[in-house]
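Colleague: The structure is given below, and queries will be raised subsequently.
The values are calculated or read from the model by the stated rules, or taken from the named source; none is laboratory data. Everything quoted here is computed from the prediction, not taken from an experiment. Here the Cβ positions follow ideal geometry from the backbone for every residue, glycine too, while neighbour counts run over all protein chains shown.
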Amino acid sequence: MAVQVQRSLKAEYIAAVEAGKEIVWMRQLLSEFEMTVKGPSILRIDNQSALSVSKNPEHHGGMKHLDLRYFWLRDQVTQEVIKPVFVSTEDMPADLLTKSLTRVKVDRFRRMMGIEP
């Protein structure tokens, strides 16, 4: 069971790192258009352990074998470029793109994403 939890944590954390890279890319693109982004960009994470690691990975022994490049996210959080926040799975509209959902959730997440029929 503990091994499965560690695999899930690593997968969620790596996904958060990839999303963080997209955030930084978008901030840089906006700056090319001379648009200023004030304050940190929000990174919504639906896994409490991955959220905790993004803020302070030293407290998670299972993460010690993770490639160093993934600790980039911690640096972005420390520099206040990215602010990770918890969002429950029930309120994660990105699931619309990755999971099989009931019609009610599809409609709800579609509206949250601003996609109208």
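Yes/no matrix, rows are residues, columns are (1) surrounded by 12 or more Cβ atoms within 10 Å (Cβ to Cβ); (2) in the same structural domain as ASN56 (by TED's automatic domain parsing); (3) of a type in the set (A, V, I, L, M):
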residue: TRP72; (1), (2), (3): yes, yes, no
residue: PRO93; (1), (2), (3): yes, no, no
residue: LEU97; (1), (2), (3): no, no, yes
residue: ARG110; (1), (2), (3): yes, no, no
residue: GLY114; (1), (2), (3): no, no, no
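Colleague: Find the residue count for region 69-98, including only residues that are within 19 Å of GLN48 (Cβ to Cβ), in a helix (DSSP H, G or I) and among the charged types (D, E, K, R).
Modeller: Residues meeting the conditions: 4.
Colleague: While we're looking at this one, here's another question. Which condition from (1) of a type in the set (A, V, I, L, M); (2) outside any helix (DSSP H, G or I); (3) exposed (fewer than 12 other Cβ atoms within 10 Å of the Cβ) is the one that LEU101 breaks?
Modeller: (3)
Colleague: Right, something else. Got at least one residue in region 7-21 being in a loop (DSSP other than H, G, I, E, B), at pLDDT 85 or above and more than 11 Å from the chain's Cα centre (by Cα)?
Modeller: The answer is no, given that none of the residues of region 7-21 is in a loop (DSSP other than H, G, I, E, B), at pLDDT 85 or above and more than 11 Å from the chain's Cα centre (by Cα).
Colleague: Please state which of the following conditions ASP46 fails to meet, knowing it meets all the rest: (1) in contact with a helix residue (DSSP H, G or I) (Cβ under 8 Å, 6 or more places away or on another chain); (2) charged (D, E, K, R); (3) at pLDDT below 90.
Modeller: In the conditions (1) in contact with a helix residue (DSSP H, G or I) (Cβ under 8 Å, 6 or more places away or on another chain); (2) charged (D, E, K, R); (3) at pLDDT below 90, ASP46 misses (3) alone.
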